[in-house]
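The values are calculated or read from the model by the stated rules, or taken from the named source; none is laboratory data. Just so it is clear, the structure is predicted and the values come from calculations on it, not from any experiment. Methodologically, a virtual Cβ is constructed for each residue, glycine included, from the backbone with ideal geometry; neighbour enumeration extends over all protein chains shown. When the accessible area is computed, the model is the full protein with side chains, heavy atoms only, and any ligands, DNA or RNA have been set aside. Shrake-Rupley method; radii C 1.70, N 1.55, O 1.52, S 1.80 Å.
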Amino acid sequence: MKRLFLILALLTPAGAFAQTATEWGARASVEANYKISKGVHVYAEEELRTEATSLASMRTTLGFTYKPFKALKLGVGYTLINTRDVSTATFKEPRHRVFADITGSLQLGYFQFSLKERLQYTRRTGTFNVYQNNPDALALKSKFTIKYKGFYVAEPYASFELRTALNEPWGTTSGEAQWNKSGTKTYYNYTPSGYTHVYNNRYRGEVGVSFNFSKRHELKPYLLIDYNDKYELDTNTEGTKLFSAQYDNSIMLSPGLSYIFSF
């Protein structure tokens, strides 16, 4: 009950939840996968993401995977995320991400079921309000995939992924609503309580087909539906005033194409 009242207090300045917006984007990636020995691989991937008609980010990933046995795969990696500022058409304030994952799979006839759990840490650089965004964000991603392997070349699949934010900013309000000096914006007295907010902030559904033309070449067209439920705080830079707190909902539809070269 105490937590319920805290949530209601934080949401009060916002007045209402944000409306869900639907946007379009696209993704394209190229990966080189090298087999060191049986069950041991290293890979490098370059991915481009767009939003509407503009390039949004470039992501470079280096990773390592190990399969101790057929039904289990372990992995670690690093991703450099370069985000493009549309207004200046430049890349700035890169983010650094490291991750570790474990994937379990089960084969039943022509169907393969898999579950991947990934823990990721993202370091955010640049100048920003630390009471609104955590510079050291942790998240847990759970992805369930069903793949049909009954065809000769094509392997259709569908997946669902849930991302849980593990340490987002949080705080408490006190007193009644007040007006700033210009008389145009209300605020509440705010006391940050650290990065203690844990919640599900992203839901992803994906359908696609993997075309395995040979052991070396794989081409994968897909459609990604990305529902984002980000909790947005608007505070002053001192973390003493809360202007709004609300869940910012959006849906991104992204057709994509991935190519993997194995050697």
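Only one residue in PHE128, PHE144, PHE113, PHE91 is under 17 Å from the mean Cα position of the chain (by Cα) and either touching a residue at least 40 places away in the same chain (Cβ under 8 Å) or closer than 30 Å to SER250 by Cα (or both), so which one is that? Steps first, answer last, please.
Values: PHE128 fails: under 17 Å from the mean Cα position of the chain (by Cα); PHE113 fails: under 17 Å from the mean Cα position of the chain (by Cα); PHE91 fails: under 17 Å from the mean Cα position of the chain (by Cα).
Every option except PHE144 fails the conditions.
Looking at the structure I just gave you, is ASN228 free of Cβ contacts under 8 Å to residues at least 40 places away in the same chain, part of a strand (DSSP E or B) and of a type outside the set (Phe, Trp, Tyr)?
Details: free of Cβ contacts under 8 Å to residues at least 40 places away in the same chain: yes; part of a strand (DSSP E or B): yes; of a type outside the set (Phe, Trp, Tyr): yes.
Yes; evaluated as a whole, the condition is true for this residue.
Could you grab me the full set of residues in the stretch 22-44 that are open to solvent by less than 50 Å² (accessible area, probe 1.4 Å), of a type outside the set (A, V, I, L, M) and under 21 Å from the mean Cα position of the chain (by Cα)?
Matches in the stretch 22-44: GLY25, ARG27, SER29, GLU31, TYR43.
Could you please tell me which pairs satisfy a Cβ distance under 6 Å, a separation of 6+ or placement on different chains, a first residue in the stretch 232-260 that is in contact (Cβ under 8 Å) with a residue 12 or more places away in the chain, and a second residue that is of a type in the set (Gly, Ala, Ser) and in a loop (DSSP other than H, G, I, E, B)?
GLN246/ALA18; ASP248/ALA18; ASN249/ALA18
Only residues that are hydroxyl-bearing (Ser, Thr, Tyr) and open to solvent by less than 40 Å² (accessible area, probe 1.4 Å): list them for the stretch 55-104, please. Don't jump to the end; show me each part of the working.
Within the stretch 55-104, the first condition is being hydroxyl-bearing (Ser, Thr, Tyr), and the residues that meet it are 57, 60-61, 65-66, 78-79, 83, 87-88, 90, 103.
Once the filter is applied, which keeps residues that are hydroxyl-bearing (Ser, Thr, Tyr) and open to solvent by less than 40 Å² (accessible area, probe 1.4 Å), the stretch 55-104 yields SER57, THR61, THR65, THR79, THR103.
Test of understanding: among LEU253, LEU224, which residue is open to solvent by 30 Å² or more (accessible area, probe 1.4 Å) and among the hydrophobic types (A, V, I, L, M, F, W, C)?
Details: LEU224 fails: open to solvent by 30 Å² or more (accessible area, probe 1.4 Å).
Only one candidate qualifies: LEU253.
Regarding ASP248, is this residue open to solvent by 30 Å² or more (accessible area, probe 1.4 Å), assigned to a strand (DSSP E or B) and under 30 Å from HIS197 (Cα atoms)? Break it down into steps so the answer makes sense when it comes.
Working: open to solvent by 30 Å² or more (accessible area, probe 1.4 Å): yes; assigned to a strand (DSSP E or B): yes; under 30 Å from HIS197 (Cα atoms): yes.
So ASP248 passes the test.
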